[in-house]
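Peer 1: My questions all concern the structure below.
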Amino acid sequence: MRTVAIHAVPEEQLTHVTFDATMEERISELLTHYPTRRAALLPVLWLCQERYGWIAPGVIEAVAARLGESPAFVQGVVTFYTMFYTSPPARYVLQVCKTLSCAVCGGRELLEHLKARLGIDLGERTQDGTFQLIGVQCLGACGSAPVIQINDDYYENLTIEQLDALVDELSQGKEA
Amino acid sequence: MPKVTIDGTVVEVPAGTNLIEAARQAGVAIPYFCYHPYLSIVGQCRICMVEIEGAPRLAIACATPVTDGMVVRSETSARVKEARDAVMEFLLANHPLDCPVCDQAGECLLQDHSFTEGRDTTHMVETRRTFPGLERRLLGPHIVQNQNRCIHCSRCIRFTQEISETAALTYKSRGNHAFIDTFDGQPFTDPFSACTADVCPVGALTIREFRFRKRAWKLRSTPSVCPGCSIGCNLWIDHHERTVYRFTPRENPAVNATWLCDFGRFLAESLNETHCLHPLHRVEGQLHRVSWGEAMRALALDVSAARTLRVVASANLSNETLFLARELFVRHLKGELVVPVHPGEPRRMKNGKGEWLYSRDAHPNSEGARRLGLELVDGERLARFLYGAADLTVILDPTAHPYLSTAEALQLLRVSPTLSLARTNHPTAEVASWLLPVASLASDEGTFTSSGGHVQRFQPAFSPAGEARPAWQILQLLARAMGVSALDLDSPAAVFAAMATKEKGFSGLEWERLGGGSPSTYREHQHVG
Amino acid sequence: MEPVLLRARGVPNSRHIDTYLAAGGYEGLKKALTMDPEAVTKEVLDSELRGRGGAGFPTGRKWTFVPKEHPGPKYLICNADESEPGTFKDREIIEYDPHLLIEGIAIASYAIRANTAYIYIRGEFVRWARILETAIAEARQRDILGASVMGSNYRLDVWVHRGAGAYICGEETSLIESLEGKRGFPRLKPPFPAVVGVFGKPTVVNNVETLACVPSILTRGAAWFASIGRPRNTGPKLYCVSGHVRRPGVYELPMGVTFREIIEEHCGGIRDGHTLKAFFPGGSSAPVMTPDQIDVKADFDACAEAGSMLGSGGVIVLDDSVDMVEAAANLAHFYAHESCGQCTPCREGSDWAMDILDRILEGHGRPEDPATLLRICQYASQGMTICPLGDAFALPISSIVKKFPYEFERHIAAATPRPPKKLPVLPWAGPRPGFDGQ
Ligand SMILES: Cc1cc2nc3c(=O)[nH]c(=O)nc-3n(C[C@H](O)[C@H](O)[C@H](O)COP(=O)(O)O)c2cc1C
Ligand code: SF4
Ligand code: FES
Ligand code: FES
């Protein structure tokens, strides 16, 4: 498994977003799934996050205009859910499960290790923008605790050694 | 209609009524924070818990419609008391308790209920949650936000989604860290923005213009009607010691539910502008102060001597004033009278049924003038009207039309003597030979006919400043001075009665039934919603 | 028992539609299409299948609540939000046997006459959302879904809808709001979703595992299903075991095995050198159980009798190394993070409880803390809130306070008073240059 890095488009380039033909096509297709335009909001936000790496205010305005909602409404939705990035994320977002099963099965140690190794605290990112560390709630994989999600991928049953190897690999990927 | 028993009182209410409203009719006040009669029901605050006989759990009154034979206990139930106690403790856990420096004090639902409930301890010893940066923030031109005080009732959000339809406000984040904001923190420029402070049950949203100008409990409220446009929103003039502090919406489902637009609401201040305090007469180019008696005697002669008399009335004047003007100047003195109207900014208002009412008419009483058979003219025709010659021009309201303050109008008015009623400084004062001080809406009494055809009464909040008199009274005094006893009617009620017998548009209406209610202290009508 | 729900686990290429068809897949749907929708519902009703999402509501009953004569569209929603801590079974079904789920969805949709079904899957499950999309595309290509389901005149579209990180969106009305594109705020009930659901239309929300049980009920019959377990607690069940057991994982067992069997036999017991201290029988929202309750049957009624609940079947096992105050604090953090924030008791209570527990762990506990926690829990549950998340946070925490009082006492006995909070220095409070010393 090779975790795909996130490429966050800088905010300056997202002040006035217009959807290109590919995006438009996918949005139109999504709209056929639902009887209301509003219902396509989450899928369209996902599309945008895939495309731009995060949900910038400019993206919110474009989505709001496309779906006929107020930007405030869309921003309210975006901020309710924890998975939409409202600021540009690092290339790899390390999402460490903090909930009970993971916590008691080595998750806490993994988290401490990551903090020490990367020299950052929860919510922070490394200076070179490669890693960002966040604590998340139960990822629904408690049987293979401890669990870390990196970008879209799950890494389960992780030992500190495996995690170190993984972090090495990903940081090298940056150079490649 | 279903019958319910609430704390022992039986009431019969229309099907679909919720328990809060049913209880109100039974004289039982069920506390509520998130419920608002004109907003959707969300059941978020949980303070309205009641016990329903036969139900194992407590229910929220706001979301429970009455059913026939229901037996409800509110104040008489120990379980209810405990539950509400707990909810209050939760709500106050993070509430700053800064009532002494909070401008909502005195009209705060949370403070009120806290007081009624009477509990003065808490188990909470943790550090209170705060929202740094959102503690005294200008959310928009009229709204100051203090998020620390927010009790998450979502009324303001629902207002912008359901009533003003801008959906300009939203919760951001979630859980205990959710806060109220606009998109990206942009200014909250909703045309109804101040209503969000009305619906805010606590001091989280307050009105910039009113904050810290007067403690709420000092205010007295007088029922009135908005002078801002022809929709005729019902409002209270909140005043103290002859100063108007604000307008607040007065409930009327047919017109403005419990809303006011920002434009109308912030006209309140303008009622305090009173520059003309005494009758003035121009002699050899100089204005001299005269008494009402002298003025009326002299004017009676001038008016009867005028062979051609022209009157510029106004769609800002009450039906009573317009009626007297028509009877006196047109019927009796055979003068000519026009009512200039000018299109205003487009305004709209949502009534209690959720329908928009629209207006492009800047006057509160054009419809009244029309129904009295008066001639409504635009600026162009007003100019032509003034261009013709006359021995005497009477201007009942210099602010009737912007044309009256143009250099051209002044030039035309200089040609012959002009009598003008005046309250604020206005260019016509430079050319008028007589200036009579007239009272503001806050000191006047009468009715306006809204564009929707509602004849609505407004009442005087306090007596006029200086020697000013309400317009109807000036006309009555003039009629008396001229010996026209049929028009010597000593109150707007009497004028209205005369009008109701004579005029089609008013037949069958009774003064006492025109709504408005009685003047009250602010407390008595607060939080209709 | 031979596996029903996990029959494909370990089978090569098990996700592919051909593998599924070769193993007799979609026979249940084929059979259902020859029956009256009401007859399908009746079959499920007779099987006594109860919802596997947490509440254990009889599935057939729920389907009958959909107004039959309702003219407009109706919807089926498959709840694949799987966010209850300790629960990871739905992912297992999707990973190995997505077509089993799709068949269940198709049968259920047919039974309630829905032409559109949504699978609401938690946002983190990117991989499993893709698996479902692939499987749906396969089924569509074989005319198992689409305009004419298996050649009948029944039309069914199934769409995958990803959440975006919110536990509360597992609660069915919150899920519906989220599906409609809003913040996941649970709705007031009544009306129930079966009458007014998504887009204001009658809607049935069922868990993945629940729906995955449906095909075999059709093929093997309600009587076979009801023969597993005991009355009102029937069928195969996925138990997800996590925590301090030797072999954590998902186990398919007949409903009603005891927790002892699950923990000791199937999971190989507690890890070396430790003993069982406590377990949550049905996800973290169930009241905690203690070693003396290990012989309780892991079914709906037995757990309820034991003062807890089977919930989602997520068994979280904690051994003697765990500080129960820490466990409570961990859960409090979870619920405070996940409370949607609508209603007062849950929003304020979860945060407050978290603060108290954190303070105890920081060494500043106070003697009255356990009582305060119990009071918070009491008034954040049992109908005081809009949705059951209030109960979900209150029950486990209050059960820990009640069952492990000595752990709290230990912390509190060793506690020191909290140092007074440092107030920020006001800008004008310091020495004023030019005025001091003159
Ligand atoms: C806070 C909360 C979270 C829930 N999370 C889930 C979940 O993740 N998955 C699920 O299937 N049901 C969840 N439920 C239960 C659902 O509300 C609903 O009862 C269930 O999806 C119905 O399906 P069933 O009848 O098949 O069990 C949750 C309930 C609550 C109160
Ligand atoms: S109980 Fe909690 S999660 Fe449920 S509606 Fe209330 S605040 Fe939201
Ligand atoms: S507790 Fe970490 S995945 Fe569930
Ligand atoms: S008024 Fe009923 S819950 Fe708020």
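Peer 1: Write down, largest first, the equivalent ellipsoid semi-axes of the range C:17-227 in whole Å, where each equals the square root of 5 times an eigenvalue of the alpha-carbon gyration tensor. Numbers along the way, then the final one.
Peer 2: Values: eigenvalues 108, 79, 57 Å².
Working from the Cα gyration tensor, I get semi-axes of 23, 20, 17 Å.
Peer 1: Out of all DSSP beta bridges with both ends in the range A:92-171, state the antiparallel percent to the nearest 5. Present the calculation step by step, with values, prior to reporting the outcome.
Peer 2: Working: 7 of 13 bridges.
Just about 55 percent of them are antiparallel.
Peer 1: Here is the link list: C:Lys30/C:Lys68; B:Lys81/B:Lys353; C:Lys189/C:Lys297; A:Lys98/C:Lys297; C:Lys277/C:Lys402; C:Lys42/C:Lys68. Which ones come out longer than 24 Å on Cα distance? Working shown, then result.
Peer 2: Working: C:Lys30/C:Lys68 22 Å; B:Lys81/B:Lys353 35 Å; C:Lys189/C:Lys297 32 Å; A:Lys98/C:Lys297 30 Å; C:Lys277/C:Lys402 14 Å; C:Lys42/C:Lys68 14 Å.
Where the Cα-Cα span goes over 24 Å, the pairs concerned are B:Lys81/B:Lys353; C:Lys189/C:Lys297; A:Lys98/C:Lys297.
Peer 1: Turning to a different aspect of this structure: If you wrap a convex hull around the alpha carbons of the range B:435-476, what volume per residue comes out, as a whole number of Å³? Mind showing how you got there, number by number?
Peer 2: Details: hull volume 3.4 nm³, N = 42.
With only Cα atoms used, the range B:435-476 gives 81 Å³ per residue.
Peer 1: Tell me, what HN-Hα J-couplings in whole Hz come from the Karplus equation 6.51 cos²θ - 1.76 cosθ + 1.60 at θ = phi - 60° for each residue of the range A:154-167, using x for Gly and Pro?
Peer 2: 8, 10, 10, 6, 7, 9, 4, 5, 4, 4, 4, 4, 4, 5
Peer 1: While we're here: For the range C:1-130, what ratio Rg/Rh do Cα atoms give with a Kirkwood hydrodynamic radius? Don't skip to the end; give the middle numbers.
Peer 2: On the way: Rg = 15.2 Å, Rh = 15.8 Å.
We get a ratio of 0.96 for the range C:1-130.
Peer 1: Ordered by residue, what ³J(HN,Hα) values in Hz, to whole numbers, does the range C:125-140 give under the Karplus form 6.51 cos²θ - 1.76 cosθ + 1.60, where θ = phi - 60° and Gly and Pro are x?
Peer 2: 7, 5, 4, 6, 5, 5, 4, 5, 4, 4, 5, 5, 4, 4, 5, 5
Peer 1: Which helices, taking whole DSSP H runs in chain B, have alpha carbons extending 18 angstrom or more along the helix axis plus mean Kyte-Doolittle at least -0.5?
Peer 2: Numbers: long enough: B:78-93 (22 Å, 0.28); B:292-305 (19 Å, 0.52).
Within chain B the helices that satisfy the rule are B:78-93, B:292-305.
Peer 1: On to the next question. Averaged over every viewing direction, what's the projected area of the C-alpha convex hull for the protein assembly as shown? Give it in nm², one decimal, please.
Peer 2: Details: hull surface 224.8 nm².
If I average the Cα hull's projected area over directions, I get 56.2 nm².
Peer 1: With a 4.7 Å Cβ cut-off, tell me which Cys residues in chain A come up empty for a partner.
Peer 2: Cysteines of chain A left without a disulfide-compatible partner: A:Cys48, A:Cys105, A:Cys138, A:Cys142.
Peer 1: Report the equivalent ellipsoid semi-axes for the range C:324-413 in whole Å, largest first, defined as the square roots of five times the eigenvalues of the gyration tensor built from alpha carbon atoms. Please report the intermediate quantities before stating the final value.
Peer 2: Details: eigenvalues 93, 29, 21 Å².
That gives 22, 12, 10 Å for the three semi-axes.
Peer 1: Let me ask something else about it. Kindly provide log₁₀ I(q)/I(0) values, in the same order as q = 0.11, 0.25 Å⁻¹, from the Debye equation applied to equal alpha-carbon scatterers of the range A:92-171.
Peer 2: -0.23, -1.26
Peer 1: Considering only DSSP states other than H, G, I, E and B, which trypsin sites (Lys or Arg not before Pro) in the range B:67-114 qualify as loop sites with at most 15 other Cβ atoms within 10 Å? Before the final figure, lay out the partial values.
Peer 2: On the way: sites: B:Arg73, B:Arg79, B:Lys81, B:Arg84; in loops: none.
Those that pass, being in a loop and sparsely packed, number zero.
Peer 1: Follow-up question, since we're still on this one. Straight-line reach from B:Lys504: which lysines fall under 28 Å, measuring Cα to Cα and dropping same-chain residues less than 8 apart?
Peer 2: Reachable lysines: B:Lys334.
Peer 1: What's the whole-number percent of alpha carbon pairs in the range B:238-306 lying beyond 20 angstrom? List each step's numbers first, then the result.
Peer 2: On the way: 1344 of 2346 pairs.
Pairs farther apart than 20 Å: 57 percent.
Peer 1: For helix C:98-112, report the angle its Cα long axis makes with the longest principal axis of the Cα atoms of chain C; keep it between 0 and 90° and round to the nearest 10°.
Peer 2: It is inclined by approximately 80 degrees.
Peer 1: What is the antiparallel percent of DSSP beta bridges lying wholly in chain B, to the nearest 5?
Peer 2: Details: 47 of 67 bridges.
For chain B, the DSSP antiparallel bridge percentage is about 70.
Peer 1: What would the Debye equation give as log₁₀ I(q)/I(0) for chain A at q = 0.11, 0.13, 0.20 Å⁻¹, counting only Cα atoms as equal point scatterers?
Peer 2: -0.54, -0.72, -1.24
Peer 1: Let me ask another. From the residues A:Gln49, B:Cys34, B:Thr122, which one has its Cα farthest along the dipole of the protein assembly as shown in the positive direction, the dipole being from +1 and -1 charges on Cβ of Lys/Arg and Asp/Glu about the Cα centre?
Peer 2: Result: B:Cys34.
Peer 1: Relative to the isolated chain, which residues of the range C:359-398 have their accessible area cut by 40 Å² or more in the presence of all protein chains (1.4 Å probe, heavy atoms, no ligands or nucleic acids)?
Peer 2: Residues of the range C:359-398 that lose at least 40 Å² of accessible area once the other chains are added: C:Arg375, C:Tyr379, C:Gly383, C:Met384.
Peer 1: Which ³J(HN,Hα) values in Hz, rounded to whole numbers, follow from the phi angles of the range B:205-220 under the Karplus curve 6.51 cos²θ - 1.76 cosθ + 1.60, where θ = phi - 60° and Gly and Pro get x?
Peer 2: Using θ = phi - 60°, the values come out as 10, 10, 8, 4, 5, 9, 3, 6, 9, 7, 5, 4, 6, 7, 6, 10 Hz.
Peer 1: Measuring with a 1.4 Å probe in the full set of protein chains, what accessible area per residue, in whole Å², belongs to the protein assembly as shown?
Peer 2: On the way: 43670 Å² over 1143 residues.
Using a 1.4 Å probe on heavy atoms only, each residue of the protein assembly as shown averages 38 Å².
Peer 1: Let me ask something additional. Quick query: amide H of B:Ile231 versus all other amide H atoms, modeled in the peptide plane; which residues come in under 5 Å with a sequence gap of 5 or more or a different chain?
Peer 2: Those qualifying (amide H under 5 Å, at least 5 residues apart or on another chain) are B:Ser451.
Peer 1: Hand me the GluC sites (Glu not before Pro) from the range B:231-283 located in a DSSP loop with no more than 10 other Cβ atoms within 10 Å, in residue order please.
Peer 2: Values: sites: B:Glu241, B:Glu251, B:Glu269, B:Glu273; in loops: B:Glu241, B:Glu251, B:Glu273.
Of the GluC sites (Glu not before Pro), the ones in loops of the range B:231-283 whose Cβ has at most 10 other Cβ atoms within 10 Å are B:Glu241.
Peer 1: Let me ask something else. Quick one: work out the % antiparallel among DSSP beta bridges in the protein assembly as shown, nearest 5. Before the final figure, lay out the partial values.
Peer 2: Working: 71 of 118 bridges.
That works out to approximately 60 percent antiparallel.
Peer 1: Quick one: pull the percent of accessible area on the range A:11-80 belonging to carbon and sulfur, 1.4 Å probe, ligands and nucleic acids left out.
Peer 2: Details: 1410 of 2820 Å².
That share works out to 50 percent.
Peer 1: Moving on to the next point. Which values of log₁₀ I(q)/I(0), to two decimal places, follow from the Debye formula for the range B:363-478 at q = 0.10, 0.13, 0.15, 0.20 Å⁻¹ with a uniform point scatterer at every Cα?
Peer 2: -0.33, -0.57, -0.76, -1.23
Peer 1: Apply the a/c threshold of 1.5 to the C-alpha gyration tensor of chain C and tell me whether it is rounded, prolate or oblate. All intermediate terms of the calculation are to be shown ahead of the outcome.
Peer 2: Details: a/c = 2.29, a/b = 1.65, b/c = 1.39.
Prolate, because a/c is 1.5 or more and a/b exceeds b/c.
Peer 1: Going by amide H atoms built from the backbone, whose H comes under 5 Å of the H on B:Met70, apart from near neighbours?
Peer 2: Amide H neighbours of B:Met70, under 5 Å, 5+ apart: B:Thr5.
Peer 1: Hey, can you grab everything whose amide H is under 5 Å from the amide H of C:Glu124? Only 5+ residues off in sequence or another chain; H modelled, so Pro and N-termini drop out.
Peer 2: C:Gly165
Peer 1: When the distances between all Cα atoms of chain B are binned every 10 Å from zero, what whole-number percent does each bin get?
Peer 2: Reading upward from the zero bin: 4, 17, 24, 22, 15, 10, 6, 2, 0.
Peer 1: In addition: Mind grabbing the interface size between A and B? I mean buried accessible area, both sides, 1.4 Å probe, in Å² to the nearest hundred. Write down the numbers at each step before the final one.
Peer 2: Numbers: alone 9460 and 22570 Å², together 31070 Å².
Interface area, both chains combined: 1000 Å², rounded to the nearest 100.
Peer 1: With the Cα gyration tensor of the range B:25-138 in hand, convert its eigenvalues to equivalent ellipsoid semi-axes via √(5λ) and list them largest first in whole Å.
Peer 2: Numbers: eigenvalues 167, 55, 35 Å².
Three semi-axes, in Å: 29, 17, 13.
Peer 1: Binning at 5 angstrom from zero up to the longest distance, how are the C-alpha pair distances of the range C:230-319 distributed in percent?
Peer 2: Whole-percent P(r) values from 0 Å outward: 3, 17, 30, 28, 16, 5, 1, 0.
The values are calculated or read from the model by the stated rules, or taken from the named source; none is laboratory data. Owing to the predicted nature of the structure, the values given are computational and were not obtained by experimental measurement. FYI the Cβ positions are ideal-geometry reconstructions off the backbone, even for glycines, and counts take in every protein chain you see. The area values use the complete protein model at the heavy-atom level, side chains included, leaving out ligands, DNA and RNA. Shrake-Rupley method; radii C 1.70, N 1.55, O 1.52, S 1.80 Å.
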